[in-house]
Amino acid sequence: MPWITVWLLVLGLAAACAIARGFWLYRVSLTWPTADALITRIDIDRHRDAEVHGGHYFRATFSYDFCTPTGDRLSGSWYKNFSTQEDARGFSERELPVGKRVVVRFNPKNPSFNDLELDSWTYSGDRPTSLSIMRS
């Protein structure tokens, strides 16, 4: 078998394993408990876009606080990218303003692994394209 075929098989197997692990983590996180949280801070920063020469985008980072069932107070964050600062500000004011009550899903074995539970009740505008499982 030519070496290029072996290389492509190894690469394909690695990609399939990464995708399967992502689905497994997602399914496991659906069983994690939830807690009420509060948006405490919003930061909007300009970032360079490495894919577009001279391009940039704006990242809105939403910080939140929540308590675990044992009473431990934790913080987390979630972000979304925007093409303009006005879009980031508009989304922040409309969907997740400071003081808004939200729901957080957290790993019961390690609550520092947490994320916002965004659904139609807490997030009524354009939908996120991806949510990370791990936030701290």
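In whole Hz and in residue order, list the ³J(HN,Hα) couplings for the stretch 101-112 that follow from phi through the Karplus curve 6.51 cos²θ - 1.76 cosθ + 1.60, θ = phi - 60°; x for Gly and Pro.
With the stated coefficients, the stretch 101-112 comes to 7, 9, 10, 10, 9, 9, 6, x, 7, 8, x, 5 Hz.
What are the residues whose amide H is under 5 Å from the amide H of Phe113, where those residues sit 5 or more places off or on another chain and H is modelled from the backbone?
Asn107
No value in this document is a laboratory result; all are computed from the given coordinates. Computed from a prediction, not measured in an experiment: that's the story for all the values here.
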